[in-house]
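Taken together, the values in this text are just the output of simple stated rules run on the coordinates, not laboratory data. If you're wondering where the values come from, they're calculated on a predicted model, not measured in any experiment. Here the Cβ positions follow ideal geometry from the backbone for every residue, glycine too, while neighbour counts run over all protein chains shown.
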Amino acid sequence: MAINKAMRVALKALSYPDLDVKKNYKLHRQVNTAVNAYLKPRYSIWDHKIQGLDHDIPVRIFLPPDSSEDVPHRVLIFFHGGGWVIGNIDSYSNVCTNMARQTGALVVSVDYRLAPEHRFPCALLDCYTVTREIFLDNTLFDVDVNNIAIIGDSAGGNLAAAVSLMARDRGEFNISKQILIYPSTNNDHSDETGYPSVREYGQEYLLKSKRIRDYMDLYIKTEEDLNNPYLAPLIAKDLSNQPNTLIITAEYDPLRDEGEAYGKKLTEYGNNVDIYRMRDALHGFFGLPKHFVHVKRSYELINRFLRK
């Protein structure tokens, strides 16, 4: 299988030691933050907090270049990856800086609570609360709600899909577009899951299927959570009235098939969905430097989708 060697090396550098995530999740967080060390961006940022029911939710706002002259016409609400256990707005600041630059949008990165200290549905409720605030208060950014989209990678893609389901079910606001980057959508990542990508790419391609299961074990409160569509959107009985959706998967990623299956199921329920499989790509490629071809291609797809 022809995988770009430079990308494999880069993703390995962005990864973390192969330690037991259940026993060493705090160390994983420290390594993740250190490896993805926050480099002060050349563009304007603003740290803010949005009030939740019983706590404040930190967000970091990234302004695109030249935003002082022209108010951004679009907002992207971003949920970071990390298996609901690691990652934060610092470790994703470079990703969000590039996102603002490549799309010309104002990017709001959500620093949701992490498991296992805060298990399901804490992360989801934080992401929903921030999204709800932005959609319902048009004085925040003075942007038409049709130009507000949600986006997330991996566990963040899972959260984005769940926020869209929750928004439909609660009827408080309507999300017009969502972008899911190699999202986790299923509740079973064993070899018997039925998805070939878990069996074929869950051992030697950076993200191992065991690690996915460990993350999910740290995220859930009880086994019953595994049957909750807000945790595993793919098992939802009704996927109608969902946003226009762009799903980007990675060819050599154990999460590939469930992400694409989610897109197909969304289509079956009458939603508009674009699914793109990034060839020769591994899980995590979206966090690579901006000059990598898969990152460039992703933003070509994202910008085309946002202009529709």
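Computed from label points 7 Å out along Cα-Cβ, the spacing between ILE235 and ASP90 is 3.6 nm. Compute the separation of the alpha-carbon centres of region 88-142 and region 236-308 and state it in Å as a whole number. Spelled out, the Cα-based centre of one part sits 19 Å from the other.
Residues whose amide H falls under 5 Å from that of ASP274, counting only those 5 or more places apart or on a different chain, are THR245, LEU246, ILE247, with hydrogens built in the peptide plane.
Sequentially through region 281-292, phi angles give Karplus couplings (6.51, -1.76, 1.60; θ = phi - 60°) of 9, 10, 4, x, 4, 5, x, 6, x, 5, 7, 5 Hz, Gly and Pro residues having no value and appearing as x. Rg ratio for region 115-270: its Cα radius of gyration over 2.2 N^0.38 Å, N being its residue count, equals 1.04.
Taking the number of Cβ atoms within 10 Å of each Cβ as an exposure proxy, the fewest-first ranking of SER209, SER154 is SER209, SER154.
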